[in-house]
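Below is one structure, written out as structure tokens; the observations come after it.
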Amino acid sequence: MNTKTATFAGGCFWCVEHDLRAIAGVIDAVSGYAGGDTPDPTYQDHGDHREAVQVTYDPNVTSFKKLSQFFLDHIDPTDAGGQFYDRGEAYKTAIYYSNDDEKAIALSLIKELGDSGIFPGETIAVQVFPYKNFYKAEDYHQDYADKNPMHYESYAKGSGRVTFVANTCNIRELKHIDWKE
């Protein structure tokens, strides 16, 4: 099978992994650390990496653009200091691109989101970086939502992520704001 990968940093990798797994065409989603120079980061010491998720997908079913759109709808793209409960560099948002086409897609989606009216007066804080590296997180972080559903649900709801995402989807629906094809 022909597959591709995409890497996204969106705060808590448990939440990003859980959400991205729901997309048709996603074969696997792995929690890890991306973008830094520190060798072999760990949960206790991310170094200069961000918590990230690397998605393996079937390009005949979904695309980098569709994955990026979904990702942007499942984070707070205006938060420059992290995501929800998680603060600091390790939890800031990013889309990592592997080629010029992916870079252009990511930048155009960020512009489109900023122009959409969903977040009036807010700046989109999602950064776009060339893909550099990805280190798989410890095994206990993989499939965390499935292995620890009560703790995961408590965290996702308690952090405000679930409510924020629902509100963003409601705004899109009420204002009839769809992503451009």
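Since every read-out is calculated from the coordinates, none of them should be taken as a lab result. Remember, predicted model here, so these are calculated numbers, not experimental data. Cβ placement follows ideal geometry from the backbone for every residue including glycine, while neighbour counts extend to all protein chains displayed.
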Open item on the list: Could you compute the net charge surrounding I124? Neighbours are other residues with a C-beta less than 13 Å from the C-beta of I124; K and R count +1, D and E count -1.
Closed with: -4
Open item on the list: Please list, short to long, the whole-number percent of alpha-carbon pairs of region 1-64 in consecutive 5 angstrom bins beginning at zero.
Closed with: 4, 20, 26, 21, 14, 9, 5, 0
Task: Net charge of Cβ neighbours under 11 Å - reference D37; Lys, Arg +1; Asp, Glu -1 - done: 0
Open item on the list: Restricting everything to alpha-carbon atoms, can you work out Rg to Rh for region 1-142 with a Kirkwood hydrodynamic radius?
Closed with: 0.94
Task: Square roots of 5 times each gyration tensor eigenvalue, C-alpha, region 69-122, largest first, Å - done: 20, 16, 8
- [ ] Mind scanning K92/K157; K111/K147; K103/K147; K103/K157; K65/K175; K66/K157 and naming the pairs with a C-alpha gap bigger than 29 Å?
- [x] K111/K147; K103/K147; K103/K157
